[in-house]
Amino acid sequence: MQPGTLTRPELTLADRCDRCGAAAKVRAVLPRGGELLFCGHHARAHADKLRELEVDVQQG
């Protein structure tokens, strides 16, 4: 038996952007744990910094 893989649930309409409260379209999983949710606008606005920090960005 293989251990199960931990996956994060898909984003739903209930998930909101941590910056403005709009519908979340992107989950940014931080290298040390935790996550941030962003709408499309804020995901694009912070994309350079997220890449710099080697954040795992998941489209919703």
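The values are calculated or read from the model by the stated rules, or taken from the named source; none is laboratory data. On a predicted model such as this, the values are computed, not experimentally measured, just so you know. No Cβ is skipped: glycine too gets one built from the backbone with ideal geometry, and neighbour counts run over all protein chains shown. Note: areas computed on protein heavy atoms with side chains; ligands, DNA, RNA excluded. Shrake-Rupley method; radii C 1.70, N 1.55, O 1.52, S 1.80 Å.
Could you tell me whether the stretch 36-53 includes any residue that is in a loop (DSSP other than H, G, I, E, B) and open to solvent by 100 Å² or more (accessible area, probe 1.4 Å)?
Of the stretch 36-53, the ones in a loop (DSSP other than H, G, I, E, B) are 39, 46, 53.
Next, from what is left, pick out any that are open to solvent by 100 Å² or more (accessible area, probe 1.4 Å): none.
No.
Exactly one of these conditions fails for ALA28: (1) in contact with a His (Cβ under 9 Å, 6 or more places away or on another chain); (2) in a loop (DSSP other than H, G, I, E, B). Give me its number.
That leaves (2) as the condition not met.
Would you mind telling me which numbered condition in (1) at pLDDT below 95; (2) among the basic types (Lys, Arg); (3) open to solvent by less than 100 Å² (accessible area, probe 1.4 Å) ARG27 fails?
Of everything listed in (1) at pLDDT below 95; (2) among the basic types (Lys, Arg); (3) open to solvent by less than 100 Å² (accessible area, probe 1.4 Å), ARG27 misses just condition (1).
Which of the residues spanning the stretch 1-24 are open to solvent by 90 Å² or more (accessible area, probe 1.4 Å) and either hydroxyl-bearing (Ser, Thr, Tyr) or out of contact with any strand residue (DSSP E or B) (no Cβ under 8 Å at 6 or more places or on another chain) (or both)? Let's see the steps before the verdict.
In the first step, residues of the stretch 1-24 are kept if they are open to solvent by 90 Å² or more (accessible area, probe 1.4 Å); the result is 1-3, 5-10, 13, 16, 18-19.
Scanning the stretch 1-24 gives MET1, GLN2, PRO3, THR5, LEU6, THR7, PRO9, GLU10.
Report every pair of residues separated by at least 6 positions or lying on different chains whose Cβ atoms are under 9 Å apart, first residue within the stretch 33-49 and within 22 Å of ALA14 (Cβ to Cβ), second open to solvent by 40 Å² or more (accessible area, probe 1.4 Å) and part of a helix (DSSP H, G or I).
Matching pairs, first to second residue: PHE38/ARG44; PHE38/ALA45.
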